[in-house]
Amino acid sequence: MLDQIKIVLVNTTHSGNIGAAARAMKNMGVTQLVLVDPIAEIDGDAIVRASGASEILDSCITVASLDEAVADCGLVIGTSARGRHIPWPLCSPRECADKAKTAVANHNRVALVFGRESRGLTNEELHKCNAHVHIPTNPDFSSLNIAAAVQVLCYEMRLASLEEETVTSSNTWGVEWDYELAKHDDMERFFDHLKQSLVDIDFLDPNTPKQLMTRLRRMFQRTALDTMEVSMMRGILAAVQRKATIANDSAIKQQTDTQTDKQKKG
Ligand code: SAH
């Protein structure tokens, strides 16, 4: 299980935190580290704080965007130190590890996403996640150091992985599923297609989108669509778009015909 878990750090500012996160990961047997557009470089401080886990730093991948970091993952869990405006499915670290174990048992990769030291993850980043995890800290002092947060979640992943041999893995519905979860990348393309279709049928005004796409994202991410379900949805959207084009064309033709009639009569 642990080899299918990615730890994703977004815009990390202090190199020591990257090193300490690497150490926390290696202690728990998690090895894949992805840095999204880091502010800090992997310097001497990072290596000192990694304290023997520098191979995790050596093999870590740096990418430009969160989308790129989690593109191949079927389950993306964002971490948050505090509540946000639009509530999202929220789990405890233990539930998060259970979800991860189930996802891996069903052949999916999992990403755990950690935010900036100063202000965590943006709402936009959090809305790209299937669920959020909050480490139940003291509400009056809820924000952990990022490497400490990595430690807690990797520990839960390890506990879940140790139970793996004794527990029969099944997904949420109690059976082995027939299709893999859609990967983040496919979901993002689906959301683009959904948005465009809603614009095409005049349901969504791109100038005043309000929270429509955020709420639709939440609905579909909560469901955790599989690859077949996404391809059916894309087929349905394509059919809706075709009908919308035909309806638009015939409305334009009708308008032109009426104008021509008027001109003839005039
Ligand atoms: N001041 C920021 C917190 C940043 S802490 C804020 O208010 O959002 C840096 C990162 O550590 C967070 O983005 C998150 O990934 C992780 N983290 C810290 N405390 C956490 C908690 N209680 N639960 C889950 N993740 C936490």
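Each value in this text was obtained by applying a stated rule to the coordinates, not by laboratory testing. Please read these numbers as outputs of a predicted model, since none were measured by experiment. Heads up, the Cβs are rebuilt from the backbone with ideal geometry, glycines too, and the neighbour counts pull from every protein chain shown.
Couple of notes before you dig in:
- At full extension, GLU180 and ASP3 could sit 62.0 nm farther apart than now, given 0.36 nm per residue minus the alpha carbon distance.
- Reachable lysines from LYS26, criterion Cα separation under 17 angstrom, eight or more residues apart if same chain: LYS6
- Shape analysis of region 183-242 places it in the oblate category; the axes a ≥ b ≥ c from the Cα gyration tensor give an a/c of at least 1.5, with a/b not above b/c.
- Estimated from helices alone, the mean residue ellipticity of the chain at 222 nm is -16000 deg cm²/dmol (sum of -39500 (n - 2.57) over DSSP H runs with n ≥ 4, per residue).
- Percent of alpha-carbon pairs separated by more than 24 Å within region 1-147: 27
- Farthest toward positive dipole pole in the chain [+1 Lys/Arg, -1 Asp/Glu at C-beta], among ASN11, ALA50, ASN248: ASN248
- Hits among lysines - C-alpha to C-alpha of LYS195 under 22 Å, sequence gap 8 or more where chains match: LYS128, LYS183, LYS210, LYS243
- Dipole magnitude of the chain, debye to nearest 20 (Cβ charges: Lys/Arg +1, Asp/Glu -1, about Cα centre): 1080
- Distance-filtered residues of region 239-253 - backbone nitrogen under 12 Å, label point 7 angstrom along ILE201 Cα→Cβ: 239-245
- The length gained by stretching the chain between HIS85 and ASP67 to full extension, at 0.36 nm per residue less their Cα-Cα distance, is 4.3 nm.
- Angle of helix 227-265 to the longest C-alpha principal axis of the chain, folded into 0 to 90 degrees and rounded to 10: 30°.
- When region 64-110 is described by a simple charge dipole with +1 on each Lys and Arg Cβ and -1 on each Asp and Glu Cβ, the residue from ALA100, SER65, VAL110 located farthest towards its positive end is ALA100.
- DSSP bridge pairs, region 2-173: antiparallel proportion in percent, nearest 5: 5
- Folded to 0 to 90 degrees: helix 212-223 orientation relative to the chain principal axis, Cα: 60
- Relative to the Cα centre, the charge distribution of region 175-266, modelled as +1 at Lys and Arg Cβ and -1 at Asp and Glu Cβ, gives a dipole magnitude of about 640 debye.
- In this label model, LYS262 and ASN248 are separated by 2.3 nm, measuring between points 7 Å along each Cα→Cβ vector.
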